[in-house]
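The values are calculated or read from the model by the stated rules, or taken from the named source; none is laboratory data. Remember, it's a predicted structure, so these values are computed and weren't measured experimentally. Quick reminder, even Gly has a Cβ in these numbers, built from the backbone with ideal geometry, and neighbours come from all protein chains shown. To get the accessible areas, we keep the full protein, side chains included, count just its heavy atoms, and leave off ligands, DNA and RNA. Shrake-Rupley method; radii C 1.70, N 1.55, O 1.52, S 1.80 Å.
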Amino acid sequence: MTALEIARRFVELGEAEQAQDAWAVALDQDTLTPAERLEGAGYIFFSQGDHRIALTQFVKLYNAGNFREEIWTILYEGFYLPNLEEQKKRYKINCGRLKKYPYLFQKGFLEFEEHPILFFPFDEKGYIPYYPDRQCFGSYIDPNDPVIDRYFFKDLSKPILAEDVYSQYQLEYLNDNVRKSEWVAKENHIYLHYTDFSCFCAWLKILDLWQLLKQEKLVFLFGEELSCYPIDFKEKFGIDYSTYSVKPVGIREVQRLIWHSQLSSHNGGDFFNEVLYEHPNLITAQSVILTTIEDVMEQVKQDLREPKKSNRMLRKLRQLKNLTDKDIFVALFLYFWESVHVPDSASRIAPALLFQPHFQNIKYLLYTYPDLRDATVLSSKEADRIHHSPVFQGFRYIKTFVPMRRPTTSYAATVRFVVEKPHLTEEEKNTPKQRKSVSDNQLLLRLTNRSFMIDRWDRLYRDSRLIRFEDGKLNPRATFTALAEFLDIPYAESMTYCNNSSGLNPATLKGNMQGFDLSAVYRTYDEFADEAERSFLEYFMRDVYETYGYDFHYYNGESVDERWVDDKTKEFHKLFYFVERQMREAIRYIAQEEAQKLEDLKTKTLDLDQVEQENERNIQNAIQDMRVRDLELGKLLLRGLRFVNQDGQPLQMMKLLELDPALLEQPLYH
């Protein structure tokens, strides 16, 4: 039976819930006629199923010219009229407040019935607009969708001018992040220009302007009033802002978080931090281990409870009512760490805080559920910690960017890092802790880490971009101009060089390329990875390569089955060699420690030869276990590369930062 037949059969049987589900499946197919779609949407609506499915189908049918009279009656009476009084009330309140507002010069608002747009509620958040003059419905809109898709702050030489902003979220964003004129000692109002006054009136039915008007930062201009921009407030209103003193940025002024998300190791994170370090509109620092931040914040909370403890940061925090974790977090950057770059308070906008919470390792679990067919579940404790962090929850405005480097290169660079430990001195390498340490299976970590796959409705990733490390090196002007636009900060001279608290072109790790040195793009670290390992990576990350523009260098396009997977895992010689070497050195050191203890206690001596043999067996068993895990992972991924989160929601690739072809200095890297 087809989905349509199943749906109709459930209707006959009076099984409403099953019928609604079956109709939802049927309506998702392209084979239904308009009459069948109307039948399904009507059943779902009148049986009180998911009204969003019904409304979507009604709108498609109406716009296609099908059953317009019947559908209009359903939509108008079922969706529009029940919410009409609420929209009228909101419109009346907004108009009343705007009539008294000093910086809106056109007071003759339209009658409610004259509006050129009707808003049909779709869900708790958004609407489907209807345009009577064109007799058609538009696309879904959510006034509070947490996305900034405009380049508001491109040029800060003059007050902000924005065209036709109808997003509640973006209006609040402007109001919260543009500093008051009195605080920067110059005219700094937000000029909102609307090309069509009647359209502006219509939107007042679903926007809330009361809180936005209180601080009187906004100036509303309509049509030809644009010629008034910028207004001379001294001449027109008798207000001379130059007589004020610049006010330092306060803790609660910092409302924007730029989350520099850690994809995995050695993807160029330090490079991007160094380029952004001295930006005049960012509070920046080098990456910080997340647990370090959490520990310091706990210590600050303790210090706040002890009146005798005092410093500038604690004094500022004690002045705030209803103190939050976000307040403490911002205060640490503004007043505590000396390595932090804090921009000039005289800027027109409050600074955004750039934060890269670092993990020693980001580990993902991949598993399946029988009812998810070919989908694989992605789960990570580290990712969950970020999502549940009160610091992240406290920021109203979040932009997220993730650097990516060619996966085979970043993999081999990570192996080099755990083997050579360039971040440690010789003395540090010889500490007991380091001599006993054994690295994880880096190939497995890399293959399971798909931090670039997101639920597009996830608050932390709703406004996000992935940036290729190679683009930043080869085409810095195009890359960082595009990044500045995405982050909504001006493209600044500070983005043309690398810097941090230690100075220009810092060497973050021994042997790393500094600044914009291009050799980091082409170095492949062949001594740390076999072709089999990299071929394995490329095949099982082929969706990544296709989406983000990387060519295969090791996988040759051959067909892949379980035998191929088995053969490849047998050739992971370098992976197993380095882990085996680390294990052998660690075990030998531990055995020597134990032997020395026994000797010091003058008890029985340890037979080191016997211990060596036993340890060798343990090592080989551990290596075999590693190979089995790689083999199992390969077989799991043979099912397909469709991934979902723990709630079963489909995950998709994060959008790639798009570069302006006119600004490319070299061909795009592949």
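Mind listing which trypsin sites (Lys or Arg not before Pro) in region 292-368 are in a DSSP loop and have 15 or fewer other Cβ atoms within 10 Å?
Details: sites: 301, 305, 308, 309, 312, 315, 316, 318, 321, 326, 348, 363; in loops: 305, 308, 309, 321, 348, 363.
Loop-located and lightly packed - 305, 308, 309, 321.
Contact order normalised by length for the chain, with contacts defined as Cα pairs under 8 Å and 6 or more residues apart; what percent is it? Display every interim value, and only then the final one.
Working: 963 pairs, mean separation 85.3, N = 670.
About 13 percent, as a whole number.
How would 488, 21 line up by accessible area, probe 1.4 Å, largest first? Walk me through the numbers on the way to the answer.
Details: 488 0, 21 95 Å².
In descending accessible area the options line up as 21, 488.
What is the percent of Cα-Cα separations in region 125-231 that go past 19 Å? Could the numbers behind the result be given before it?
Working: 2745 of 5671 pairs.
For region 125-231, the share of Cα pairs beyond 19 Å comes to 48 percent.
Regarding region 43-91, what's the average projected area of the Cα-atom convex hull, expressed in nm²? Don't jump to the answer; show the numbers that get you there.
On the way: hull surface 15.5 nm².
Here the figure is 3.9 nm², rounded to one decimal.
Taking only C-alpha pairs under 8 Å that are 6+ residues apart, what is the relative contact order of region 343-455 in percent?
Working: 54 pairs, mean separation 31.0, N = 113.
Relative contact order of region 343-455: 27 percent.
Let me check I've understood the local charge: for residue 122, count other residues with C-beta under 10 angstrom from its C-beta, Lys and Arg +1, Asp and Glu -1. What total comes out?
Values: positive: 52, 125; negative: 123, 124, 142.
Taking every Cβ under 10 Å from that of residue 122, the sum is -1.
Counting heavy atoms of the protein chains only and a 1.4 Å probe, report the per residue accessible area for the chain as a whole number of Å².
On the way: 32780 Å² over 670 residues.
With all protein chains present, the chain gives 49 Å² per residue.
Nearest 5 is fine: what % of DSSP beta bridges in the chain come out antiparallel, could you say?
Given both bridge residues lie in the chain, the antiparallel proportion sits at roughly 35 percent.
For labels at residue 373 and residue 97 in the simple 7 Å Cα→Cβ model, what's the distance in nm?
Spacing of the two 7 Å Cα→Cβ label points: 4.8 nm.
Per Stokes-Einstein, at 25 °C and 0.890 mPa s, what whole-number D in µm² s⁻¹ belongs to region 1-80, with the Kirkwood radius over Cα pairs as the hydrodynamic radius?
Working: Rh = 12.5 Å.
D, rounded to a whole number, is 197 µm²/s.
Can you classify region 456-599 as rounded, prolate or oblate using the Cα gyration tensor, where a ≥ b ≥ c are the square roots of its eigenvalues, rounded means a/c under 1.5, and otherwise it's prolate if a/b beats b/c and oblate if not?
On the way: a/c = 2.28, a/b = 1.36, b/c = 1.67.
Verdict is oblate for region 456-599.
Could you work out the relative contact order of region 87-201? I mean the mean sequence separation of Cα pairs under 8 Å and 6+ apart, divided by the number of residues, in percent.
Numbers: 123 pairs, mean separation 22.5, N = 115.
For region 87-201, the relative contact order is 20 percent.
Straight-line reach from residue 92: which lysines have a Cα under 17 Å away, not including same-chain ones fewer than 8 places off?
100, 107, 205
List the lysines whose Cα lies under 19 Å from the Cα of residue 308, skipping any in the same chain that are fewer than 8 positions away.
316
Radius of gyration and Dmax for the chain's Cα atoms, expressed in Å?
30.2, 99
Label region 281-349 by shape, choosing from rounded, prolate and oblate, from the square roots a ≥ b ≥ c of the eigenvalues of the Cα gyration tensor; if a/c is under 1.5 it is rounded, and otherwise prolate applies when a/b is larger than b/c, oblate when it is not. Each step should come with its number before you reach the end.
Working: a/c = 2.01, a/b = 1.32, b/c = 1.52.
Here region 281-349 falls in the oblate category.
Mind checking the dipole of the chain: about its Cα centre, +1 per Lys or Arg Cβ, -1 per Asp or Glu Cβ, Debye to the nearest 20? Don't jump to the answer; show the numbers that get you there.
Numbers: 85 positive and 103 negative charges, 497 e Å.
Dipole about the Cα centre, nearest 20: 2380 debye.
If you find the alpha carbon centre of region 223-272 and of region 531-547, how far apart are they in angstrom?
One Cα centre to the other: 42 Å.
What would the Debye equation give as log₁₀ I(q)/I(0) for region 27-169 at q = 0.09, 0.11, 0.21 Å⁻¹, counting only Cα atoms as equal point scatterers?
-0.39, -0.56, -1.38
At a Förster radius of 35 Å, what calculated FRET efficiency corresponds to the Cβ-Cβ distance of residue 312 and residue 387, to the nearest 0.05?
Numbers: r = 32 Å, r/R0 = 0.92.
The calculated FRET efficiency here is 0.65.
According to the square roots a ≥ b ≥ c of the eigenvalues of the Cα gyration tensor, what is the shape class of region 447-531, taking rounded for a/c under 1.5, prolate for a/b larger than b/c otherwise, and oblate for the remainder? Write down the numbers at each step before the final one.
Numbers: a/c = 2.05, a/b = 1.11, b/c = 1.85.
It is oblate, given that a/c is not under 1.5 and a/b is not larger than b/c.
Could I have the simple spin-label model distance between residue 15 and residue 361, label points 7 Å from Cα toward Cβ, reported in nm to one decimal?
4.8 nm
So if the hydrodynamic radius of region 311-454 is defined as the Kirkwood radius over C-alpha pairs, what does Stokes-Einstein give as its diffusion coefficient at 25 °C and 0.890 mPa s, in µm² per second? Don't skip to the end; give the middle numbers.
On the way: Rh = 19.4 Å.
D, rounded to a whole number, is 126 µm²/s.
For region 122-180 and region 341-387, what is the separation of their C-alpha centers, rounded to whole Å?
26 Å
Could you give the alpha-carbon Rg of region 513-576 over 2.2 N^0.38 Å, rounded to two decimals?
Details: Rg = 13.8 Å, N = 64, 2.2 N^0.38 = 10.7 Å.
So the Cα radius of gyration is 1.29 times the expected 2.2 N^0.38 Å.
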